[in-house]
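Let me begin by presenting the structure, written as structure tokens, before commenting on it.
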Amino acid sequence: MNTVFRVTSGDPSSARTGELVLPHGVIETPVFMPVGTAATVKAILHQRLKELGFHLILGNTYHLYLRPGTRTIRSLGGLHGFVGWQGNVLTDSGGYQVFSLAALRKISDDGVLFQSHLDGSRHMFTPESVVAAQVAFNSDIQMPLDVCTAHGVTEREAEEAVLRTSAWARRARDAWLIERDRGYRGLLFGIVQGNFFPSLRRRSADEISVLDLPGIAIGGLSVGEERGLFREMLFETARHLPTGKPRYLMGIGTPDYIFDAVEAGMDMFDCVFPTRIARNGTVLTPDGRLILRHEVHRNDDTPIDPTCGCTTCQRYSRAYLRHLFKSNEMLGPMLTTEHNLYYISDLLAGIREAVRADSFPAHRLAVLDRFEEGERARRDRR
Ligand SMILES: [Zn+2]
């Protein structure tokens, strides 16, 4: 239904490139989406995101619904008008934040009752109200309300969450179809849950796939489990997803996990990781992470990465960046965010090029070996 995705190279069931046609422009995949929780990717101008090659950013329904509120955003022209962003926006369902941030959650078949983490006010999210909020935002891609479970719950609890997630996805789909008939152009993706139980993952994948939504996401991974288990669940789930639709792995953003995801045939990823560590003074380089606050950079006049083409690396030394962080100057996070997003944009461009050239496995090994070697060296120095 409304399939707006085309695989352009690679093996449809594993590493692949594609084109995703969205209301605010075409996106080349695999793609990383910077997270703009409160309608801003922290410490960087929207214009700059575009120049760095990001045409699809993420916003959080939970946060935007609470502040400034759905009505305000709708009256100001949806997220695009409110923000002045001409690219695409994906909004999550708010489910993850309700389960991780809000107090006093009460789940019923109808939806989830929760208390705002901001002022304690009470709110109810239902599959229908979450679709309506994202229509008010005019999200280019919206996600349905789902039930996230923590690593370590019983199989029975995980199964209940899968059943509810499927039932809510069916209701979200019905609500979304009505909005489509009224002229809303955004897409609704489904979310596969199932915790760390392979049979539940398969079941959830089947139940969500059958809804024939324009795209499909894997939720509930990379929540603190070890890498081996993450990979096992990722590949097991990915095998059961339709190959002709965009596949989104939610909440990952480190280079190793991005490579794992592409290897499994995933097309889209998001994570606060590159921007959050940037604001703490940690930057990504081909040779691993660099912690700018470290004493070793005090008199270092070299840039973060001499081979990097970003404006931070063209103009500023590690010594100056260290000084900015030591002095809590706001320019510090701005410059490191710029660099980390440039790094991620470049990483994804390299991945797409390698898939097109049919050399993804070798490219993956070369990039990750170098990155991990650098990480080991940094740990040994300490
Ligand atoms: Zn740079």
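The values are calculated or read from the model by the stated rules, or taken from the named source; none is laboratory data. Remember, predicted model here, so these are calculated numbers, not experimental data. Positions of Cβ are backbone-derived with ideal geometry, glycine not excepted, and every protein chain shown enters the neighbour counts.
Cβ separations smaller than 7 Å between residues 6+ apart or across chains give the following pairs from the range 106-121 residues that are more than 17 Å from Leu64 (Cα to Cα) to residues that are hydroxyl-bearing (Ser, Thr, Tyr) and assigned to a loop (DSSP other than H, G, I, E, B): Asp110/Thr126; Gly111/Thr126.
The rows are residues; the columns are (1) in the same structural domain as Thr37 (by TED's automatic domain parsing); (2) over 28 Å from the mean Cα position of the chain (by Cα); (3) of a type in the set (S, T, N, Q).
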residue	(1), (2), (3)
Asp287	no, no, no
Asp301	no, yes, no
Arg318	no, yes, no
Asn340	no, no, yes
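When the residues of the range 148-201 are filtered to those that are in a loop (DSSP other than H, G, I, E, B) and polar (S, T, N, Q), the one that is farthest from the chain's Cα centre (by Cα) is Thr154. Quick one: would you say Phe235 is of a type in the set (A, V, I, L, M, F, W, C), more than 16 Å from the ligand (Cβ to nearest atom), surrounded by fewer than 17 Cβ atoms within 10 Å (Cβ to Cβ) and in contact (Cβ under 8 Å) with a residue 12 or more places away in the chain? So Phe235 passes the test.
Picking from residues in the range 285-300 that are in a strand (DSSP E or B) and in contact with a strand residue (DSSP E or B) (Cβ under 8 Å, 6 or more places away or on another chain), the one that is surrounded by the most Cβ atoms within 10 Å (Cβ to Cβ) is Leu290.
Checked against (1) part of a helix (DSSP H, G or I); (2) in contact (Cβ under 8 Å) with a residue 60 or more places away in the chain, Met33 meets all criteria but (1). The set of residues in the range 42-76 that are in contact with a strand residue (DSSP E or B) (Cβ under 7 Å, 6 or more places away or on another chain) and more than 30 Å from Thr311 (Cα to Cα) contains only Thr61.
Note on the range 63-88: among residues that are touching a residue at least 60 places away in the same chain (Cβ under 8 Å) and part of a helix (DSSP H, G or I), the one that is surrounded by the fewest Cβ atoms within 10 Å (Cβ to Cβ) is Arg71. Of all residues in the range 245-258, those being buried (at least 24 other Cβ atoms within 10 Å of the Cβ) and more than 14 Å from the chain's Cα centre (by Cα) number 0. Among the residues of the range 301-314, those that are within 19 Å of Pro333 (Cβ to Cβ) and either more than 6 Å from the ligand (Cβ to nearest atom) or in a helix (DSSP H, G or I) (or both) comprise Pro303, Thr311, Thr312, Cys313, Gln314.
When Asp110, Asp119 are checked against the criterion of being among the charged types (D, E, K, R), out of contact with any strand residue (DSSP E or B) (no Cβ under 7 Å at 6 or more places or on another chain) and surrounded by 12 or more Cβ atoms within 10 Å (Cβ to Cβ), Asp110 stands alone in meeting it. From the list Ala278, Ala261, the lone residue that is surrounded by 19 or more Cβ atoms within 10 Å (Cβ to Cβ), within 16 Å of the ligand (Cβ to nearest atom), in contact (Cβ under 8 Å) with a residue 60 or more places away in the chain and of a type in the set (A, V, I, L, M, F, W, C) is Ala278.
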